[in-house]
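Since every read-out is calculated from the coordinates, none of them should be taken as a lab result. The model shown is predicted, which means the values in this text are computed figures rather than measured ones.
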Amino acid sequence: MHKTKNECPVCGSYMNTESMLIRIACGYTVNTNYFFCKKPPLGVMPRSLHDESRLRDLQGAISRAYSAEYEIKEEWIREYNELIYRLGTRKK
């Protein structure tokens with residue numbers, strides 16, 4: 001807990017001390033006697049970012065397997081093609 005009454009220690013927003021419980025611009029909750037910054041829970045990575053990251057991982061794995069003359073797993077090829085289709089459709 002941070003015991004300053006004037007500003008949020010995270011974003012520096014001015015705190016209005018007239019109300020008992022307020023929400024500052026940055027989204028943190030403030031109690032006027034003592035205020036504590038409560039971060040919101042971590043959400044989920046957007047699907048498009050996840051898909052792009054996964055596509056890069058698959059491209060690297062397929063490339064390494066090909067260069068080392070190892071068998072390329074069918075699951076990788078199937079997932080790669082699904083991601084190419086999904087990302088290609090989204091970009092149009």
*Phi-based couplings in Hz for the stretch 68-84 (Karplus 6.51, -1.76, 1.60; Gly and Pro marked x)*: 8, 6, 9, 5, 8, 5, 4, 4, 5, 5, 4, 5, 4, 5, 4, 5, 4
*How far, in nm, would the chain grow between Tyr66 and Val44 when pulled straight, counting 0.36 nm per residue and subtracting the alpha carbon separation?*
4.6 nm
